[in-house]
Structures are given as C-alpha cells and as structure tokens.
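These notes concern the structure reproduced below.
The values are calculated or read from the model by the stated rules, or taken from the named source; none is laboratory data. The structure displayed is predicted, hence computed values, not measured ones. Here the Cβ positions follow ideal geometry from the backbone for every residue, glycine too, while neighbour counts run over all protein chains shown.
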Amino acid sequence: MYAQGDIKEPTRLHDDPLFLIIIDFKNNPKIDFYHLYNLPNIIRRYLEAFLGFKVPKHQGLDKKLDYLIDDKVTKERILKFIHHYSHNNSLPRSLNFPDLKECCEVVGVVIETIKQKDVAHFEALIESIPNAP
C-alpha cells in the first residue's frame, strides 16, 4: 500500500499492521485506486481479528459486530461496505470500489467505536505507532 520509503516500517506494531494502514488513512486520506480498492478488505480483516479476540464465542463477523456497534443502521452500513467491496464475485463488481467520502466515514466509525469499546487497547495501539504525535 505504501511505496517503498513512504512510511517507515513499524518498530513495535508488527502484530497489527492493518491498524497502522487504517489509522494512516484516517489521518491522511488517499484517493488513489490502490487505497480505495483495498481499504474495505483491510477493514474487514482488521475487524475479524479484533472481534475474534474480543468475542470468541460468536461465529461470523455479522454477529460479532454487535459487540462493537450498537446502532443497527451504522452496523449495516459497515457490513455493506466491507462485504460488498471485499467480495468480488464478478468482473463488473471487482471494478467497483468506494469513493473517498465513504471510505473516510467508515474508517472514522471503525476507529471511534474501537476507541470507545477498549480505550486502553486503542491507546496502546496509538503509542506503538512510530512517530505518533
């Protein structure tokens, strides 16, 4: 996702590079095809990992997302974003990708809900980012 030399490799965030990509996009949204095309899959993978740890008893991302997002409309919006753009079952669908505004809104919701649900974990992630403010 980054051209070589654009960003230094994380020194302590080796276990969560997906979070690094998501938070970098939140702080510096990119409009290039590569970012817009891959972001839904990156968010899906991050949520699967985060929620797999937090809610191991439930199966499937749809059910686990109930732990993170209380508002049904917001939950459906996130699910639509990650399922529609992550699972390309046909050529026309694989050429369809979200616009910058939609990406920014979804990233904002994901970051804020994780921050609200697990402040200590979120702050530890932020502190582990090299050159974090």
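Structure data summary
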read-out	value
Matching entry among D118, D66, D70 (being of a type in the set (D, E), loosely packed, with under 13 Cβ neighbours inside 10 Å and at pLDDT 85 or above)	D70
Pair list, Cβ < 6 Å and 6+ apart or interchain, from the stretch 102-127 residues that are basic (K, R) to residues that are at pLDDT 95 or above and surrounded by fewer than 12 Cβ atoms within 10 Å (Cβ to Cβ)	none
Residue pairs meeting the criteria (Cβ under 8 Å; at least 6 apart or on separate chains; first more than 22 Å from F50 (Cα to Cα) and surrounded by 14 or more Cβ atoms within 10 Å (Cβ to Cβ), in the stretch 14-40; second hydrophobic (A, V, I, L, M, F, W, C) and modelled with pLDDT under 85)	K30/L36
